[in-house]
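Novice: Quick one: this structure, given as structure tokens, is what I'll be asking you about.
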Amino acid sequence: MADSRTESSLSALGMRIAAQVVVYGAFAALLGYFSVSPTYTQVDPDFGVIKLSFSHAGQPETECRRRSQEQLEELAPNMRKTMDCPRRRVNLLVELELDGERIYRDELPPSGLSGDGASTVYQDFPVPAGRYTLVARLRDSRREQGFDWTLERTVDVSPRQNLVIDFRAETGGFKIL
Amino acid sequence: MAAIRSALRYGMERVESGFDAVYGADWNPLYHLGALGWFFFWIITISGIYLYIFFDSGVDQAYESVEYMTHVQWYAAGIMRSLHRYASDAFVVVVLAHLARQWIKGNYNDARWFGWVTGVPLLWLMYASGISGYWIVWDSLAQYVAVATTEWLDTLPLFGEPIARNFLHESTLSGRFFTLMVFIHIAVPLTMLFLMWVHIQRHMYPRVNPPRGLMIGTFGMLMVLSVVYPAVSQDRANLNQVVAQVGLDWFYLPLYPLLDVYPGELLWGVLVGTTLVLIVLPFLPPRRRVRPAVVDLDNCNGCGRCVADCPYSAVSLRPRTDGASYSHEAVVTNEKCVSCGICVGACPTSTPFRRQSDLVPGIDLPDLAMGALRENLVTAAGALNEHPRVMVIGCGAGVSLDALSGPGVAIKSLPCVGQLPPSFIDFLITRGHVEGVFVAGCRDGDCEYRLGQQWTEARLDQERDPHLRSRVPRERIRIYWAGRDRAAAAGRELDGFRAALRELDGDPADRKGEGHPRGEAISAAAAGHG
């Protein structure tokens, strides 16, 4: 009788340990699988991405003007600067065309509380891999028509390529990375 | 909402019962989710320190150093890396389960708001720690995380220039950003550790270590997983290419795919809104139902047992203020008191053997005073006329007491069975009010008020003051810890207990007209203690 009870107790313990192994195994499987699966597809692998991104400060919105003597005298002594240069800069106007079709156009306001910082753009355009004629235009002056900077280039976009259109005025304007 | 929570609680308790069957109440991981969180945190910390020795934070070196650890030093750093990842993932699982469980059980209201509210920022820190960790490996997942995170952050009006431009192209990538990320990956977990410490500040005897058996099993599971399915990097990051497909860690990054569908501002709004809802949740109605414990200085000698037994550090001692000859007095911090009554059960003056007019213990619940409780118990016992008479004393969080009622059985529900001083059981049995006392508390190992079961068992086993006197036959007391889903089993246990009492006392017909000899005998023995 005692042997039977011991046997039954050992059997219950064995079942319990086996069940624990199953639960630990299930938890391990959960951790192992979801730590890296299922795969997420963000961009079609046959597509590339054209990324238009730059940070650039436009011209001041208004030109500096010379203060008259009377105007200078109205100011506190430490504020008497001959030139009055309003800080605010113009909005940038940016356009991007692909094979003659305009895919982006926006006015980019300057950053900063006084509007004297750079304007920025950061835009992605997934496109099927292939050859494209790309035209980027930027107006950063007070002019009301036309653009100050233009880039026209034929590019081959390969699958998964990250084609970046940057802009640096000091190195000649638009630049493809 | 109450109906939803009730249904969830029922379901949760069924699952917990299943785990009870597999692990037993002591090792049931669902009762130790917070402690498991601490355990995983230490594994993450120790493995992280080891990995940091070999990690190089340079743009070109980060990936190579992780590859070296994974493939060359696979037997040490490789396993450490896998432990680091899998423990981090397990950390998310237990933390979210802990959060859900506390919500379902309603353990965030009233005085327990502190643990809840301090837990909310921990969620943010947990995700920030994990996300920054994936970033510094600098594989394709890191690239995806870096670009997606910075683009998401750029939707907030925080940065003059988009920080995503740091990851525009290989030619524009700077190692300085990496150094910053490594700093964040160390600083955020350190901040989290501090907040975790704050999180448990209102707990007396906080459980920060799981039971040893559970620890060994869990660590063994992580080790086996690390060896069988080691964590590896994906392809090296290359900013000249977009990450088209990526293996995501869905524990840390479940929201990231949504960034490709919904505006980042919307997701920030949802996250901030959810955070605010979680924070205000404890302060929404319904609020406190029972008033906090109060100290009666005339009956408090400053012994400190209530201080030692309070699970929430709500009672403390301070120098005497009433000029009595004792050095200290107990004082209750109302904001911390959950009105469980465990302090009342610990008070040596809380004894029913005193005359009724005197039954005002040193500490008491004003809405469930011990004087009234004694009267209720005596009245309820007096209405019983079927042998053996049993007083069932249960709590609101345990098995449904209504299911236990029947002839010969009186029911009394307390906030926590820990409120019942052993002297009350002594009183009920030795004075012959009942033949037995059936204590039916919460599910074994899962006390609603943390320590009620532990203290009750220790008091009845004479291991903790105030303990049950030796004169009370232990076989006349039955403790049964069970959740709400165990009503039928509790009923069978009660039937078994009553059958055992019948056997002890023999056939009541033999004693017709003789009263209750055992009760009288015990009562006579106890007369000197009245």
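Novice: Suppose we filter the stretch B:12-27 for residues that are of a type in the set (Phe, Trp, Tyr) and more than 13 Å from every other protein chain (Cβ to nearest Cβ); how many remain?
Specialist: 0
Novice: Just to be sure before I move on: is B:PRO254 in a loop (DSSP other than H, G, I, E, B), surrounded by fewer than 16 Cβ atoms within 10 Å (Cβ to Cβ) and more than 26 Å from the chain's Cα centre (by Cα) in the structure I sent?
Specialist: Criteria met by B:PRO254.
Novice: When the stretch B:433-463 is examined, which residues are found to be in contact with a helix residue (DSSP H, G or I) (Cβ under 7 Å, 6 or more places away or on another chain), more than 15 Å from B:PRO415 (Cα to Cα), among the charged types (D, E, K, R) and in a loop (DSSP other than H, G, I, E, B)?
Specialist: Correct list: B:GLU435, B:ASP444.
Novice: Right, here's the next one. What tally of residues in the stretch B:123-146 results from selecting those that are surrounded by 20 or more Cβ atoms within 10 Å (Cβ to Cβ) and within 20 Å of the chain's Cα centre (by Cα)?
Specialist: Of the residues in that region, 1 qualify.
Novice: Same structure again: Could you grab me the full set of residues in the stretch B:76-106 that are free of Cβ contacts under 8 Å to residues at least 40 places away in the same chain and polar (S, T, N, Q)?
Specialist: Answer for the stretch B:76-106, where residues must be free of Cβ contacts under 8 Å to residues at least 40 places away in the same chain and polar (S, T, N, Q): just B:GLN102.
Novice: Could you tell me which of the residues A:GLY112, A:GLY117 is touching a residue at least 40 places away in the same chain (Cβ under 8 Å), within 14 Å of chain B (Cβ to nearest Cβ), within 21 Å of the chain's Cα centre (by Cα) and more than 14 Å from A:LEU52 (Cα to Cα)?
Specialist: One residue alone meets the criteria, A:GLY117.
Novice: Going by the structure shown, is B:THR150 in a helix (DSSP H, G or I) and either within 14 Å of chain A (Cβ to nearest Cβ) or in contact (Cβ under 8 Å) with a residue 40 or more places away in the chain (or both)?
Specialist: Yes: the conditions hold for B:THR150.
Novice: Continuing with this model, one more query. Would you check which residues across the stretch A:86-120 are of a type in the set (D, E, K, R) and out of contact with any Lys or Arg (no Cβ under 7 Å at 6 or more places or on another chain) and list them?
Specialist: Those that are of a type in the set (D, E, K, R) and out of contact with any Lys or Arg (no Cβ under 7 Å at 6 or more places or on another chain): A:ARG87, A:ARG88, A:ARG89, A:GLU97, A:ASP99, A:GLU101, A:ARG102, A:ARG105, A:ASP106, A:GLU107.
Novice: Checking B:ASP364 against (1) at pLDDT below 95; (2) surrounded by 24 or more Cβ atoms within 10 Å (Cβ to Cβ); (3) in contact with a Ser or Thr (Cβ under 8 Å, 6 or more places away or on another chain): exactly one of these is not met. Which one?
Specialist: (1)
Novice: Going through the stretch B:183-205 one residue at a time, which ones are aliphatic (A, V, I, L, M), in a helix (DSSP H, G or I) and surrounded by fewer than 19 Cβ atoms within 10 Å (Cβ to Cβ)?
Specialist: B:ILE184, B:ILE186, B:ALA187, B:LEU190, B:LEU193, B:LEU195, B:VAL198
Novice: Is it true that some residue in the stretch A:86-98 is within 14 Å of another protein chain (Cβ to nearest Cβ) and over 27 Å from B:MET223 (Cα atoms)?
Specialist: yes
Novice: Hey, another quick one. Is it the case that some residue within the stretch A:129-147 is within 12 Å of another protein chain (Cβ to nearest Cβ), of a type in the set (Lys, Arg) and closer than 22 Å to B:LEU239 by Cα?
Specialist: No, because not a single residue in the stretch A:129-147 is within 12 Å of another protein chain (Cβ to nearest Cβ), of a type in the set (Lys, Arg) and closer than 22 Å to B:LEU239 by Cα.
Novice: Now for a separate question. Within the stretch B:241-255, does at least one residue satisfy the condition of being more than 11 Å from chain A (Cβ to nearest Cβ) and more than 30 Å from A:PHE47 (Cα to Cα)?
Specialist: no
The values are calculated or read from the model by the stated rules, or taken from the named source; none is laboratory data. Note that this is a predicted model, so its numbers are computed, not measured. When we count neighbours, we look across all protein chains shown, and the Cβ atoms used for this are built from the backbone with ideal geometry, even at glycine.
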